[in-house]
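The values are calculated or read from the model by the stated rules, or taken from the named source; none is laboratory data. Note that this is a predicted model, so its numbers are computed, not measured. Please note: Cβ atoms are built from the backbone with ideal geometry, for glycine as well, and neighbour counts cover all protein chains shown. When the accessible area is computed, the model is the full protein with side chains, heavy atoms only, and any ligands, DNA or RNA have been set aside. Shrake-Rupley method; radii C 1.70, N 1.55, O 1.52, S 1.80 Å.
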Amino acid sequence: VASPSEASLLVLVSGAGRFKRAGTSRANLEHINMSDDEEVVQDMKEAVDKKCEPQCASFYIAYTDCAARIEGHDEGHCTGQYLDYTKCIDHCAAQQLFKTTR
């Protein structure tokens with residue numbers, strides 16, 4: 001059992017109900033040996049986010065306009081516009097992702 005202070009990652013091997021321990025670095029994650037019978041589970045959210053981008057285009061345009069407007073200035077930020085855009089993407093993606101879990 002890993003202690004809370006240990007910087008480690010437990011990776012669930014799909015279908016086998018076993019755990020493998022790997023360090024937290026990306027290099028260690030890429031070198032986890034998986035046998036042929038173990039399924040690799042892919043995250044659907046990235047693909048769903050891409051599908052939601054057209055629906056949230058107005059928020060993205062507002063963000064890029066803000067970023068262009070403040071570029072080269074020491075003051076100002078576009079946090080509000082960025083958060084509006086990510087909220088739109090997350091809302092759209094959640095609706096699509098949770099359809100499959102109901």
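Observations on the structure shown:
- Pairs meeting the criteria (first residue in the range 41-64 and farther than 17 Å from residue 94 by Cα, second residue open to solvent by 100 Å² or more (accessible area, probe 1.4 Å) and in a helix (DSSP H, G or I), beta carbons under 7 Å, at least 6 apart or on different chains) are 63/82.
- Filtered residues of the range 78-102 (kept if out of contact with any helix residue (DSSP H, G or I) (no Cβ under 7 Å at 6 or more places or on another chain) and under 23 Å from residue 67 (Cβ atoms)): 79, 80, 83, 86, 87, 90, 91
- Top-ranked residue of the range 80-97 - restricted to ones that are of a type outside the set (A, V, I, L, M, F, W, C) and open to solvent by 70 Å² or more (accessible area, probe 1.4 Å), ranked as nearest to the chain's Cα centre (by Cα): 90
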